[in-house]
1. Which of the residues belonging to the range B:229-287 are assigned to a loop (DSSP other than H, G, I, E, B) and touching a helix residue (DSSP H, G or I) at 6+ places or on another chain (Cβ under 7 Å)?
2. Closer than 29 Å to residue B:115 by Cα, in contact with a Lys or Arg (Cβ under 8 Å, 6 or more places away or on another chain) and more than 11 Å from chain A (Cβ to nearest Cβ): is that true of residue B:206 in this structure?
3. Which condition number does residue B:189 fail, the rest of (1) at pLDDT 85 or above; (2) over 21 Å from residue A:127 (Cα atoms) being met?
4. May I ask you to verify whether residue A:6 is more than 30 Å from residue B:29 (Cβ to Cβ) and within 16 Å of the chain's Cα centre (by Cα)?
5. Sort out which residues of the range B:174-186 are within 14 Å of another protein chain (Cβ to nearest Cβ) and out of contact with any Ser or Thr (no Cβ under 8 Å at 6 or more places or on another chain), and write them in order of number.
6. Would you mention how many residues in the range B:24-54 are within 14 Å of another protein chain (Cβ to nearest Cβ) and assigned to a loop (DSSP other than H, G, I, E, B)?
7. Is it true that residue A:133 is small (Gly, Ala, Ser) and part of a loop (DSSP other than H, G, I, E, B)?
8. How many of the residues in the range A:114-127 are in contact with a helix residue (DSSP H, G or I) (Cβ under 6 Å, 6 or more places away or on another chain) and either over 13 Å from residue A:154 (Cβ atoms) or loosely packed, with under 15 Cβ neighbours inside 10 Å (or both)?
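The values are calculated or read from the model by the stated rules, or taken from the named source; none is laboratory data. Treat the numbers as computed from the prediction; the structure is a model and nothing was measured. We place every Cβ from the backbone using ideal geometry, glycine too, and count neighbours over all the protein chains shown.
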Amino acid sequence: MNYVVENHFQEGVQLIHGKIHGIWKLVQGESQLWQGANGIGKSSFLRFLRENEKKYLKEVVCSYLMQGPLHVLGDYTPRDLIKHTEDYLGKSFESSQELIEGFKLQSRLDTPIRFLSGGENQLVKLLSCLMLSSSVYFLDEATTHLDEERIKFLFDYIQKRKKDGVSFVLIEHHPHASLFCESVLKFSKRNRLEIEYERV
Amino acid sequence: MNEYELIMRFLCSFFSGALLCLGGSFCQVYTQNEMASPSTLGFSGLVVLQVIIFHLLKTIFHWSFPLEYGALVLSFLFLVVLLLLTKSKRMSFTKMKEHLILLGICFNLLVGSFFSILYFLFLTKALDFPSYLWFGSFKFVNLEMTIISGFFCLLALLYASRFSSKMQLLVYGAEYCQNLKMEPLKFVGPVICLSYVSMAITTCFFGVFSFLGLLFPHLLRHFSFFSRNLKRELTIGPLVSGSIFAIIDQFTYFFPLNGAELPVGMITSILGCSLFIVLLLKKKTNS
């Protein structure tokens, strides 16, 4: 099994909720569901990994979708966001077109992001995350505010990308998410925050 | 004023307008808060405090060193000490909460009260006090001030033009920048320093121009040429703002009221405060 990520937190690492203990693994081309009660520390652990990316995720290129809306200063539109991303990275993104069509954002590309609804804002966030060429995508509550049609597109898109060897980590409460995940990272709390990796 | 002094006055007002506009844009981009500016974040109060402290020291120890330069040096020293003290602390690049803006404004009011009390005490002792400071003007400019403000204006513009493409990404937030492997924290130091220095130079030399750093970026973004283009806002924007500010100042010089020149800082205070109220009301309506 080709693990792209394998981190042992046996010594315990301090998060906001307390020390985390356990082993976290991620296989190339798999989707992993992080399960645990609300407020147990799943998002905190994700934030911790992001802040310590160089130490715990040094072998992989990651993109993150964190909780909360995309806040933009000024009247920048989704089209501006795509253009600025392309200008910065020096390449155009064919995947952005597929995502725009799948998320049905064509008519909202020229609307300032701050005037978009909660669901549309979430879609633009997803677009900005998924259009990048990464090997691991961390998606925290990606389906928030989305309708069933767009959730289906998202999950189908994830399945398609996995065939290219891309891995996904989902912090998700949608009931269908567990149906296509190959592994689960279970969060539990006794004296400390425990994580347990399990292949499904 | 003779022709030479008028030219220096024009240049000083131009550089000040450009510096404050740039400082305001930097504050807003970095904090992702359209109400952020060197004034609303408390920088103006901080610099006025340095001026008061230096004036007190100057009075107590009978120093002959000019107030404007002494206060500027003190402001720079304060900045260096602050940078050294906060070097090891991480500043998280998240949308600043409105209460920090409120804190900045309250700090300005506190310094203002302190300023008024000291002014009263100095008056009772018939001692000199820089009361002109509170509403800035360009009545007393000289060549050194013109050169120093011009130099820092050029430095700030060079920095802005060098990094405006990367700073463009900051408008979308920290998470977006980190996904592109662009570390927003590396802009913290230079951006905050440049905003603070722009406020320090204009306040120590010419007095307080409240809310100018808030007013100009918003004014620029009303025009499609600057809206949604941070590079233009940070490079051409300050030149336009400086020109507008210089024209307003020339207007106050050539059209005095009952023989007295209205300090241009008074005009900017009224305009800036009005804009702040409009922004707050607009924010409430939008939410």
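1. From the range B:229-287, those assigned to a loop (DSSP other than H, G, I, E, B) are B:229, B:255-256, B:258-259, B:261-263, B:287; that's our starting set.
Within the range B:229-287, B:261, B:262 qualify.
2. Details: closer than 29 Å to residue B:115 by Cα: yes; in contact with a Lys or Arg (Cβ under 8 Å, 6 or more places away or on another chain): no; more than 11 Å from chain A (Cβ to nearest Cβ): yes.
Answer is no for this residue.
3. Here residue B:189 clears every test but (1).
4. Values: more than 30 Å from residue B:29 (Cβ to Cβ): yes; within 16 Å of the chain's Cα centre (by Cα): no.
It is false that residue A:6 is more than 30 Å from residue B:29 (Cβ to Cβ) and within 16 Å of the chain's Cα centre (by Cα).
5. Keep residues of the range B:174-186 that are within 14 Å of another protein chain (Cβ to nearest Cβ), which gives B:174-185.
Result: B:175, B:177, B:178, B:181, B:182, B:183, B:184, B:185.
6. 6
7. Details: small (Gly, Ala, Ser): yes; part of a loop (DSSP other than H, G, I, E, B): yes.
Yes, satisfied.
8. Filtering the range A:114-127 down to residues in contact with a helix residue (DSSP H, G or I) (Cβ under 6 Å, 6 or more places away or on another chain) leaves A:120, A:124, A:127.
Applying the additional criterion that residues be either over 13 Å from residue A:154 (Cβ atoms) or loosely packed, with under 15 Cβ neighbours inside 10 Å (or both) yields A:120, A:124.
Number of matching residues: 2.
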